[in-house]
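The following block contains the structure, expressed as structure tokens.
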Amino acid sequence: MKRIVYNIEARFDVLEIVEYYEQVGGVQLADRFTSELQRFIEAIAQRPESYPTQSRTVRRANLTRFPHHVLFRVIDDDTIKIISVKHDHRKPSYGIRRR
């Protein structure tokens, strides 16, 4: 399994989403989002090449129960960098240029 690192802005993306779900649906909804996100991060770490490319170097993993997706880059043989976690209807280029 590859090591996962986060772009600092991606961490803020997650915090923003969790805060939103806490406000609209309570802690239980926010926890469900967090659990699904964690399952996807683990799947990305195991099989990053199974996710489609969004651009030349960026891949996309769509969450199942929530309208969000994860953008990530394979940095090297051992490392994957999460560059963005965003809502499916957010501007398509949001987060693509992050390093």
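In segment 12-46, what residues are among the polar types (S, T, N, Q) and closer than 30 Å to ASP77 by Cα?
Across segment 12-46, the qualifying residues are THR34, SER35, GLN38, GLN46.
OK, next. Exactly one of these conditions fails for GLU49: (1) buried (at least 18 other Cβ atoms within 10 Å of the Cβ); (2) outside any strand (DSSP E or B). Give me its number.
Failed condition: (1).
So if I check each of ARG65, ARG11, ARG39, which one is charged (D, E, K, R) and outside any helix (DSSP H, G or I)?
Among ARG65, ARG11, ARG39, only ARG65 is charged (D, E, K, R) and outside any helix (DSSP H, G or I).
Hey, ARG60 hits all of (1) touching a residue at least 40 places away in the same chain (Cβ under 8 Å); (2) not in a helix (DSSP H, G or I) but one; which does it fall short on?
It is condition (1) that ARG60 fails.
Six or more apart or on different chains, Cβ atoms under 9 Å: show the pairs whose first residue is in segment 8-32 and free of Cβ contacts under 8 Å to residues at least 60 places away in the same chain and whose second is small (Gly, Ala, Ser) and surrounded by fewer than 16 Cβ atoms within 10 Å (Cβ to Cβ).
ARG32/GLY25
Restricting attention to segment 10-29, which residues are within 11 Å of the chain's Cα centre (by Cα) and loosely packed, with under 14 Cβ neighbours inside 10 Å?
ARG11 - this is the single residue of segment 10-29 that is within 11 Å of the chain's Cα centre (by Cα) and loosely packed, with under 14 Cβ neighbours inside 10 Å.
Please find, within segment 30-44, the residue that is surrounded by the fewest Cβ atoms within 10 Å (Cβ to Cβ) out of those that are hydrophobic (A, V, I, L, M, F, W, C) and farther than 19 Å from ARG98 by Cα.
Step one: list which residues in segment 30-44 are hydrophobic (A, V, I, L, M, F, W, C), which gives 30, 33, 37, 40-41, 43-44.
Among the residues that remain, those that are also farther than 19 Å from ARG98 by Cα are: 30, 33, 37, 40, 43.
Values: ALA30: 18, PHE33: 22, LEU37: 20, PHE40: 21, ALA43: 14.
By that ranking, first place goes to ALA43.
Readers should treat all values here as calculations from the given coordinates under stated rules, not as data from a laboratory. From a predicted model like this one, the values you see are computed outputs, not experimental measurements. Using ideal geometry, Cβ is built from the backbone for each residue, glycine included, and neighbour counts are taken over all protein chains shown.
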